[in-house]
Amino acid sequence: MDMMPPALPGTGMDDSQRELLRSLGRTLSAEQAFWVSGYFSGVAEARGNFQTAEPSAVTAIVPARQDSPAAASMKILYASETGNAAELARQFASQAQRVGIAASVEDLARYKTRALKDETMLLFVASTHGEGEPAEPALPFFEFLAGRKAPPLPHLRFAVLALGDSTYEFFCQAGKMLDRRLEELGAQRLFERCDCDVDYEADARRWIDAVLNLLQGPQQVGNGAHDAAPSSASNAALGFAVAGPVPQPLASTPYSKANPFLAQVVENIRITGRGSSKDTRHIELALDGSGLTYEPGDALGVVPQNDPALVAELLDLFGWSGSERVAGRHGELELRRALQSEFEITAATPRFIEKWAELSGDKELAGQLAQKTGAERAAFMAATHIIDLVKARPAPGTSPQDFVAALRGLQPRLYSIASSPEQAPDEVHLCVAPVRYRLHQRERHGVASVHLADRLQGGDSVPIYLQRNEHFRLPSDPATPIIMIGAGTGVAPYRAFLQQREALQAPGRNWLFFGERHFRTDFLYQTEWQEWLRSGLLSRAEVAFSRDQQQKIYVQHKLREKGAELFDWISDGAHLYVCGDAEHMAADVHGALLAVIGDQRGRGSEDAQEFLRELQGAGRYQKDVY
């Protein structure tokens, strides 16, 4: 006989909602009911934090299997470029361990593909970059999985947490490819894939909680140390214990992306010369008392503020005072503060366009994105800012809450660190080029870069956190030669590299390839490079100033010009580093390297591609691109 669900007094539900829950309860097994309890606790947490926006994609997730597989252990593999997927994987493992599930974490860049055929349970956290590409360090794994050498995987159970950016056409494509290919190889989906946007934290937390609830199963409930409670979103903030021990931060410092350190600005200096078309800044921040430590190659996360003038313009446009109370990302607050520090108010997102089409009743706008090709869609998104949209397609009567509910959370920006802790203890240095351009007859500004360059002076403070980058590291052997290739602010990590090698008296040779517009005004950190050349620390330097002559010359041209010597260095064990613009500079450099290798080895393009893949797999070809 079916067990009837308990009565639902005092819930504030209407009769139809009560009957819906009772009907659902009659159809659920004990295990399914257990999972649903964790799911709804996540919904409750979100509503308790005043999140009134529509549920995200993760709320539609259900377990892919009807059974509840108890897990004694699991392996979490991540594909990460900027560090977000890596951090989520580590937090996932820590949370699993605290509810009694043994969990290990491994970078897909280092994962031995021959082990894949023997795996029984894998959880993936995979980020997407550019136009649907996997994280660069994990590319060899994706190529293996897509190829003919990939083994059948009938004994594997898996689940995929995908990270991406919905402003791109191929949203979360790497995670989708991984999910689909594993299924094609016969693996069994343990849990439905979750696709997360750039403000991924809440969705990822709910997915992780749901997966752990499923893996714990009824066997784990009520046993010894786990009597306290099942994993749920209400008590499972990432990085802290779910049940049992008193929650403890994962790191030795309390400061992180979720809890940034308020760093004081020590210096903010323009380092481009008079007459330059650029306004590149050298910014120094104090780390005293933070406990934060970093290595050359790491990045600094900066939590920006929106332009106060743009906030004022939006308030004026809608006729709001700014004192209205709205539901923010972490609780209720004044509208002006929400627009200043909690939400993205510059570039529109697909979500905002869809919501604005509803609010304005504009049927044409509602279908615009779906009708565009990839290139058209990218162009439309690049040319569409929120201020333009709300002016061109007004929605009279829009409430402050409706407006902020359509916005995406304001995200930190990552900057390559331009200093070594060996030479600048208790400080971190950045090289920042503020983004400024004209669009639709008005000036536009980069949110974080202009906040740093224009609105922060000595004595001011800015929230920051450190982002590890294990895929952009100096060689472990200080005698290993390095080749550093960068353009513009892409030179920042190489300043850190040479400061580190100088401080440690590393004997390895160092060769710099640097590109900018003009020698006279744009040679960033010129006196430092010249001093290192004089001292012999910098063995060679090739510079390409694109606009100092009629025919433009870029770093890729210098690479080909020095091809024979470049290949000699590589043959001697040199590590290659590339830092700069991913779409143009990094792609052009990659092409030049392939050409140099092809010319020097004389074995064709496929051999050159395989040679570079081997360098990358060995950690000798590393990229920090954006």
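Closer than 17 Å to L116 by Cβ and surrounded by 19 or more Cβ atoms within 10 Å (Cβ to Cβ): does that describe A135? No; evaluated as a whole, the condition is false for this residue.
For S605, the requirement of being under 20 Å from F497 (Cα atoms) and polar (S, T, N, Q) is not met.
So for region 464-477 (the condition being free of Cβ contacts under 8 Å to residues at least 60 places away in the same chain and at negative phi), does at least one residue qualify? Yes: region 464-477 contains one or more residues that are free of Cβ contacts under 8 Å to residues at least 60 places away in the same chain and at negative phi.
So that you can scan it fast, the table gives a plain yes or no per residue for (1) closer than 23 Å to R509 by Cα; (2) part of a helix (DSSP H, G or I); (3) in contact with a Ser or Thr (Cβ under 7 Å, 6 or more places away or on another chain):
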| site | (1), (2), (3) |
| --- | --- |
| T527 | yes, yes, no |
| L537 | yes, no, no |
| C579 | yes, no, yes |
| H584 | no, yes, no |
| A592 | yes, yes, no |
| G598 | no, yes, yes |
| E606 | no, yes, no |
| K623 | yes, no, no |
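Take region 298-326 and flag every residue that is closer than 15 Å to V390 by Cβ and among the hydrophobic types (A, V, I, L, M, F, W, C). The answer is L310, V311, A312, L314, L315, L317, F318, W320.
Every listed requirement among (1) under 19 Å from G619 (Cα atoms); (2) part of a helix (DSSP H, G or I) is met by T480 save one, (2).
Selection of region 485-510 for residues being on the phi < 0 side of the Ramachandran plot and surrounded by fewer than 20 Cβ atoms within 10 Å (Cβ to Cβ) yields E502, A503, L504, P507, G508, R509.
Exactly one residue among L389, L333 is crowded, with 16+ Cβ neighbours inside 10 Å and without any contact (Cβ under 8 Å) to a residue 24 or more places away in the chain, and that residue is L333. Only a single item in (1) in contact with a Lys or Arg (Cβ under 9 Å, 6 or more places away or on another chain); (2) surrounded by 14 or more Cβ atoms within 10 Å (Cβ to Cβ); (3) modelled with pLDDT under 95; (4) not acidic (D, E) is not met by G275, and it is number (2). Checking I482 against (1) out of contact with any helix residue (DSSP H, G or I) (no Cβ under 9 Å at 6 or more places or on another chain); (2) farther than 30 Å from D307 by Cβ; (3) among the aliphatic types (A, V, I, L, M), only one condition comes out false. Which one? With (1) out of contact with any helix residue (DSSP H, G or I) (no Cβ under 9 Å at 6 or more places or on another chain); (2) farther than 30 Å from D307 by Cβ; (3) among the aliphatic types (A, V, I, L, M) applied to I482, the lone miss is (1).
The values are calculated or read from the model by the stated rules, or taken from the named source; none is laboratory data. The structure displayed is predicted, hence computed values, not measured ones. Don't worry about glycine lacking a Cβ; one is built from the backbone with ideal geometry, like all the others, and counts go over all protein chains shown.
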